[in-house]
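K.L.:
Have a look at the structure that comes next, please.
What follows is calculated from the coordinates using simple rules that are stated; it is not laboratory data. Small disclaimer: the values here were computed from a predicted structure and weren't measured. We place every Cβ from the backbone using ideal geometry, glycine too, and count neighbours over all the protein chains shown.
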Ligand SMILES: Nc1nc2c(ncn2[C@@H]2O[C@H](COP(=O)(O)OP(=O)(O)OP(=O)(O)O)[C@@H](O)[C@H]2O)c(=O)[nH]1
Ligand SMILES: [Mg+2]
């Protein structure tokens with residue numbers, strides 16, 4: 001017999017599916033804070049080390065091949081790219097941190113911009129902190145997580161490239177990471193395992209983000225004729 005919990009989960013998954021079935025369009029690229037769009041819609045940011053798969057995950061979630069530009073070469077995304085998803089929210093593709101081969105001044109300006117965005121954006125509802133499943137949390141990830149804790153920005157660990165590891169390795173990684181997260185007050189306690197290549201974990205992440213955006217098309221009651 002289906003339980004209330006099963007029904008709730010189905011509803012969450014359906015809300016995620018519907019949110020991400022809407023058109024998603026590139027809005028703008030920002031190289032400075034003044035370029036950011038007005039903070040008038042909930043935003044979800046995708047942050048993580050260079051080459052972790054941020055742009056690929058945005059493409060996979062929205063069902064596009066090349067909405068966000070991806071590359072084998074680290075350092076592909078060099079600005080903050082904003083994408084508008086339906087009329088409900090925006091997805092924000094951040095440049096990767098920890099990319100050692102760029103010039104010092106470039107690294108400095110990217111890092112500053114990422115920092116200004118993550119710590120100063122009032123409508124940032126959740127940061128998806130992407131971690132390569134083969135590597136786990138690195139010191140540079142822990143630094144960003146600590147900065148997010150201090151700024152009280154809610155974030156969730158999303159593993160990428162899980163197609164590259166075996167299920168027992170993934171289970172061990174989840175266990176290890178879950179323990180580490182207990183020390184991080186702004187971290188969401190559960191992690192999500194994804195693969196953009198194999199298209200796995202996407203429906204769970206869509207459902208999670210729909211819940212944060214309070215997007216529930218099934219429970220939505222259109223205003224009546226009196227606007228009530
Ligand atoms: N096997 C596998 N490869 C992936 C996956 N996601 C991304 N990649 C590959 O990883 C590389 C980097 O992907 P991007 O999406 O450009 O990574 P990024 O984090 O946006 O990189 P920067 O913008 O340079 O910081 C590309 O060659 C992708 O094809 C995945 O789930 N599985
Ligand atoms: Mg990118």
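K.L.:
If packing is taken as the mean number of other Cβ atoms within 10 Å per residue, what is the order of 44-51, 116-123, highest first? Spell out each step's value before the answer.
P.N.:
Numbers: 44-51: 22.6, 116-123: 15.1.
Ranking, from highest mean packing down: 44-51, 116-123.
K.L.:
Here is a follow-up. By per-residue mean of other Cβ atoms within 10 Å, what is the highest-first order of 81-88, 162-169, 107-114? The partial results should precede the final answer.
P.N.:
Working: 81-88: 18.6, 162-169: 13.5, 107-114: 16.8.
Put in order of decreasing packing, that is 81-88, 107-114, 162-169.
K.L.:
While we're on this one: For the chain, what does -39500 (n - 2.57) per DSSP helix run (n ≥ 4), summed and divided by total residues, give at 222 nm, in deg cm²/dmol to the nearest 500? The partial results should precede the final answer.
P.N.:
Working: 6 runs with 83 residues, N = 228.
Value at 222 nm, helices only, nearest 500: -11500 deg cm²/dmol.
K.L.:
Right, next: Sorted by packing (mean other beta-carbon atoms within 10 Å per residue), highest first, where do 35-41, 11-17 land? Don't skip to the end; give the middle numbers.
P.N.:
Numbers: 35-41: 13.0, 11-17: 18.3.
Result, highest mean Cβ count within 10 Å first: 11-17, 35-41.
K.L.:
Another question, then. Could I have the simple spin-label model distance between residue 154 and residue 28, label points 7 Å from Cα toward Cβ, reported in nm to one decimal?
P.N.:
Those two pseudo-labels are separated by 2.7 nm.
K.L.:
If you average the C-alpha positions of the range 154-222 and of the range 1-78 separately, how far apart do those two centres end up, in angstrom?
P.N.:
One Cα centre to the other: 13 Å.
K.L.:
FRET efficiency for residue 17 and residue 164, Cβ-Cβ distance as r, R0 = 35 Å, nearest 0.05? Don't jump to the answer; show the numbers that get you there.
P.N.:
On the way: r = 26 Å, r/R0 = 0.75.
Working from the Cβ atoms, E equals 0.85.
K.L.:
Also, I was wondering about something else. Roughly what % of Cα-Cα distances in the chain sit above 21 Å, to the whole percent?
P.N.:
Numbers: 14458 of 25878 pairs.
Within the chain, distances greater than 21 Å cover 56 percent of Cα pairs.
K.L.:
If each of residue 182 and residue 211 carries a label point 7 Å out from its Cα toward its Cβ, how far apart are those two points in nm?
P.N.:
If labels sit at residue 182 and residue 211, their model points lie 2.2 nm apart.
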